[in-house]
1. Quick check for me: using +1 on Lys/Arg Cβ and -1 on Asp/Glu Cβ, what's the dipole size of segment 85-200 about its Cα centre, in debye to the nearest 20?
2. What size of dipole, in debye to the nearest 20, comes out for segment 39-94 about its Cα centre when the only charges are +1 on Lys and Arg C-beta atoms and -1 on Asp and Glu C-beta atoms?
3. With +1 assigned to the C-beta of every Lys and Arg and -1 to the C-beta of every Asp and Glu, and no other charges, what is the dipole magnitude of the chain about the Cα centre in debye, to the nearest 20?
4. For Tyr112, tell me the accessible area in Å² from a 1.4 Å probe, rounded to the nearest 10.
5. Among all the aspartates and glutamates, which ones have a C-alpha under 20 Å from Lys201's C-alpha, if same-chain residues fewer than 8 places away are not counted?
6. Return one number: the angle in degrees, 0 to 90 and rounded to the nearest 10, between the long axis of the Cα atoms of helix 2-17 and the longest principal axis of the Cα atoms of the chain.
7. In whole percent, how big is the carbon plus sulfur part of the accessible area of segment 132-216, probe 1.4 Å, protein atoms only?
8. Round to the nearest 10 and report in Å² the accessible area of Arg169, as given by a 1.4 Å probe over the protein chains' heavy atoms.
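The values are calculated or read from the model by the stated rules, or taken from the named source; none is laboratory data. All of these numbers come straight from a predicted model, not from anything done at the bench. No Cβ is skipped: glycine too gets one built from the backbone with ideal geometry, and neighbour counts run over all protein chains shown. Ligands, DNA and RNA are stripped out before the accessible areas are found, and what is left, the full protein with its side chains, is counted by its heavy atoms. Shrake-Rupley method; radii C 1.70, N 1.55, O 1.52, S 1.80 Å.
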Amino acid sequence: MKIMQALVLTLFSFMLQSNAFGISIVYSGFECLNAVDTNDSTPKGIPVQSKFEVIQDAGDGIYRLSLTGGIPRFNNNNHDVCIDNATAIGYSGIPAVDGLPQPLEAINATAYFNGQTLIIVVSSLYTDLSGRRNPFSSFNTSLVFAFTNTLIFEFDPRASSFSLKKMIRNRGFTNTSGSTNSITPFLETILPSFNDEVQDKPKILTPIARIEFLLD
């Protein structure tokens with residue numbers, strides 16, 4: 001066991017220091033039927049891969065990763081698993097450059113690996129692009145959700161795979177509305193945690209189905 005753990009750590013370091021492509025871990029599945037409802041893990045028949053690729057060794061067991069394809073979505077007491085390629089990667093945009101925010105194809109993540117346990121944190125922003133100005137100078141910004149997903153894996157040296165054991169999922173929320181004719185022209189809503197109800201707690205999820213990421 002210890003020999004295999006050491007080999008994986010050596011492989012991470014060797015491939016990065018030799019300027020080769022970073023190694024990756026991959027899970028194959030299907031896109032989520034409901035792209036934005038994180039409580040719906042029903043898959044639809046479109047294959048997709050969740051792929052974390054190492055892009056930098058930051059030292060002390062910390063790595064920078066690139067995520068493509070999304071991450072597994074599941075809920076407690078439910079065997080369904082799909083790959084969330086909408087909220088897990090999200091949107092980005094600078095008005096002067098992009099106009100409206102655009103959906104991303106990849107997003108950065110950060111990982112810690114000690115040879116046995118792999119922890120990956122990925123944060124994203126999702127918007128419904130519903131911002132508008134109404135008559136009489138009233139307005140609403142788009143609904144913007146901030147997602148943070150922490151994935152905890154256990155390394156299986158015999159299978160050269162990482163088994164997903166836990167995931168901590170949190171969704172924040174921001175929105176601004178108002179009117180230039182109002183005494184209070186701006187009303188801002190900021191909720192650090194808004195998963196099922198206002199000001200609730202992040203969800204701690206345990207998959208019932210086995211979710212294996214394979215070394216690629």
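1. Dipole of segment 85-200, to the nearest 20 debye: 60 debye.
2. Here segment 39-94 has a charge dipole of around 140 debye.
3. Value, rounded to 20: 200 debye.
4. It works out to around 100 Å².
5. Asp37, Asp40
6. 60 degrees
7. Ligands and nucleic acids excluded, carbon and sulfur reach 57 percent.
8. It works out to around 10 Å².
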